[in-house]
2 protein chains.
Amino acid sequence: MNGPSPADDADRMARVALTWLAEPGNRAVWHLVEVAGAEATLDRLLGGDIPESTLRAAVISRTAAGDPRRLAEVALLRADRLGARVVVPGDPEWPAGVEALSTLELEGGDRINRDVRPPLCLWVRGGRRLDEAFARSVAVVGARAATSYGTHVTNDLAYGLAERGWTVVSGGAFGIDAAAHRAALAAGGLTVAVLACGVDRPYPAGNAAMFERIAESGLLMSEWPPGSEPLRHRFLIRNRVIAAATVGTVIVEAAARSGAVQTLSRTVALGRRAMVVPGPVTSAMSVGCHELLRRQPETVVVTGTAHVLEEVGRIGEYLAEIPRGREHARDDLDEDSALVLEAMPRRGTVGPEDLAAKAGLGIRTVLRRLSLLEMAGLVVRQDNGVALARPVRKAPP
Amino acid sequence: MNGPSPADDADRMARVALTWLAEPGNRAVWHLVEVAGAEATLDRLLGGDIPESTLRAAVISRTAAGDPRRLAEVALLRADRLGARVVVPGDPEWPAGVEALSTLELEGGDRINRDVRPPLCLWVRGGRRLDEAFARSVAVVGARAATSYGTHVTNDLAYGLAERGWTVVSGGAFGIDAAAHRAALAAGGLTVAVLACGVDRPYPAGNAAMFERIAESGLLMSEWPPGSEPLRHRFLIRNRVIAAATVGTVIVEAAARSGAVQTLSRTVALGRRAMVVPGPVTSAMSVGCHELLRRQPETVVVTGTAHVLEEVGRIGEYLAEIPRGREHARDDLDEDSALVLEAMPRRGTVGPEDLAAKAGLGIRTVLRRLSLLEMAGLVVRQDNGVALARPVRKAPP
């Protein structure tokens, strides 16, 4: 793998160990890690110097179950045997999108709405790079109790997206999620299952064969270490990652007041494209979709692949104009991204090292900026390097 | 009928005669009538003093077919035999909503988008007052080639609206329109068919039995005199009246680029509630509905009667607060309407004459203001007079 040397092993180990002390997304822990780093934070929490009382109580009860450092070592060994890896910020394949959770503020003071900070680490099974997989990705999620209408529409949609080179991201559940993964696999495309349990025992077991196929050609990903149970609240925690890591989220079917509705409100809050497939008003499985269309003005109706591409392509379309006008580039992009973009050859590909040299930037900066530019649809990764993206053609409605 | 003496017979006759010289909605003719009155306008046009060349050509070719004054007399006699009447502005039952067309400006310079001015007169069959019928009215329109899904949803919706005292307005066509009229009739409610041909020969003939029932318990209404053909362009001209006369319009099914889509863009431009029933994305008859939801941000998804009432009720809800705060009433209502509202008894009904005496206003003014206040949901007409409306309860979503 090209790119910087892997992040410091002690940092990686500390991030894994922190997973035993608090659920992913915990605001206090994430903030401490941002300020002092993962190792110092782990030391501090294990030393009992914990400002927040809820967190203090959690740390006390969880350390009683075992030494987090030791548990982390075991988990990493277990992952290694399983062919899984743990990815942390600083690794070249860290998906840039999840960093948007750093500043997400949601209404409602409960834990689920407050503890939405970025993952500390991501456990991954599968041979593809995370950042590449998410650069052009759409989440397709919905009801477990899907109707034949819902699975039919999901199949068309996910197949079409995968066929056009978009990664289909979903949650691995029965119903719409499984239909989305399967259609992407059938199209020979890339699909990512974002799990609420360990990547060694993806839930539900009834989808085991599908998960194996995803691990072979796509990616299984989780914030929880191998062996973790799919506890109920973890699905809600997990949903924020699906919303943040992708360019947009499509809800195909959802019952009234379902988890899909929560996912889409996060999607909106994160500035990602929020899309809904309508259905018969006589179907209970479309009630949540229609609720969303009534209550979330940012939610857009999509009826097929072309509409979804029109939505997620807009980001690229808009920004794709930028390289032509230097003033715009300087206005809308941060300085480093603009430098990287200007250093790109007008035709053909370039390797990150050459790009770093030409732009006068460090390789780490260049790789991070490339992830962002790729997510924005400005550059595309190819086998032998990166290239300027051609403007996305407007899909017919 | 209570109220002022009927508008001047010469004015009525002139308005009818003008229908032979230009299609309803004609901007130049309407403007001349506004400035100089119908009789002077008719004299001027028949005298050949016509500023606009298109109109001049039309008048020349149409007067060749006969004397408009004579044709108007014949039409009025024919209407009389049929039990039909012609209603003109100034008549107490003139529906206030159509006056919103006075200031409607649409994009696109073609005739259909330019000539959207109010009707000069309305031909009516049926025993109900037009103004009362439209005061609490919702248009339910859609595809002629409706699916069983569309007619099923229309039936539920129109029945529910009619049952709750809302007039169901539609265009009398096959499919969604007919389903809407029939459901309103079945509910024992009030329904109005707004036609693009004479009220003596409602089109299509296949719905003749339905039209007879509407004439008995509801209203048939048209801008064209008895005997007029349902020419293709007249449906588009007619649509602006459906949009303007009602509080809101619901599209149940519509194919891509259908007339329903045009009706709803007029609805939006007129500030009326624009509502769409979604459907399966696999149905060609819902493509127009989903298009509208994607392209017209003002369009709201409705899935049943409760949603529609929530939308059209909002106007009433909002304004219903006004009587409690006098400052608001003076801010938001014109002076005469505020006087009428203040003269209303807090409980029970009052006759228009008593109200006029109490408010210190002419009966004609009071009746006009009552129509507006009724349309706004502030007052309701009852058998023995008018009463203050109780605030509309928010329907459950």
Average partner coverage of B:274-287, which counts Cβ from other chains inside 10 Å: 5
Förster radius 22 Å - calculated FRET efficiency between A:Arg111 and A:Phe174 (Cβ-Cβ, nearest 0.05): 0.25
10 Å Cβ shell holding at most 16 others, DSSP loop, GluC sites (Glu not before Pro): longest site-free stretch of chain A: A:108-297
Considering only the protein assembly as shown, percent of DSSP beta bridges that pair antiparallel, nearest 5: 35
3J(HN,Hα) from dihedral phi, the stretch A:74-84, Karplus parametrisation 6.51/-1.76/1.60, rounded to Hz, x for glycine, proline: 4, 4, 5, 5, 4, 4, 4, 4, 7, x, 9
Residue with peak Gaussian network fluctuation, chain A [Cα springs, cutoff 10 Å], from A:Ile176, A:Ile242, A:Ile60: A:Ile60
Per-pair calculated FRET efficiency, R0 = 25 Å: A:Ala64 and A:Arg44 via Cβ, rounded to 0.05: 0.85
Cβ charges +1 (Lys, Arg) and -1 (Asp, Glu), total dipole of the protein assembly as shown, debye: 1240
Within the stretch B:124-314, percent of DSSP bridges classed antiparallel, to nearest 5: 10
Label-to-label distance, nm, for residues given as A:Thr103 and B:Arg164 (7 Å Cα→Cβ offset): 4.3
For chain A, share of DSSP beta bridges that run antiparallel, in % to the nearest 5: 35
Among B:Val153, B:Val350, B:Val308, residue whose mean-square fluctuation peaks in a GNM of chain B (springs only between Cα atoms under 10 Å): B:Val350
Distances in nm from A:Ala40 to the matching label points in the other copies, shortest first (labels 7 Å along Cα to Cβ): 8.7
Label point 7 Å beyond Cα along the C-beta direction, distances from A:Asp383 to other copies (nm, shortest first): 8.6
Helix-only mean residue ellipticity at 222 nm for chain B, each DSSP H run of n ≥ 4 adding -39500 (n - 2.57), per residue, nearest 500: -14000 deg cm²/dmol
Given charges at Cβ of Lys, Arg, Asp, Glu: chain B dipole, positive-most of B:Ala245, B:Ser286, B:Val192: B:Ser286
Volume in Å³ per residue [convex hull over Cα atoms, computed for chain A]: 139
Phi-based couplings in Hz for the stretch B:114-119 (Karplus 6.51, -1.76, 1.60; Gly and Pro marked x): 8, 8, 10, 6, x, x
Residue-wise HN-Hα coupling along the stretch A:183-192, computed from phi with Karplus coefficients 6.51, -1.76, 1.60 (Hz; x: Gly, Pro): 5, 5, 4, 4, 7, x, x, 9, 9, 10
Net length gained if the chain between B:Glu216 and B:Ala57 were fully extended (0.36 nm per residue, minus Cα distance): 53.2 nm
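Bear in mind these aren't lab numbers, they're just calculated from the coordinates by the rules spelled out. The model shown is predicted, which means the values in this text are computed figures rather than measured ones. Note that each Cβ is placed from the backbone with ideal geometry, even for glycine, and that neighbours are counted across all protein chains shown.
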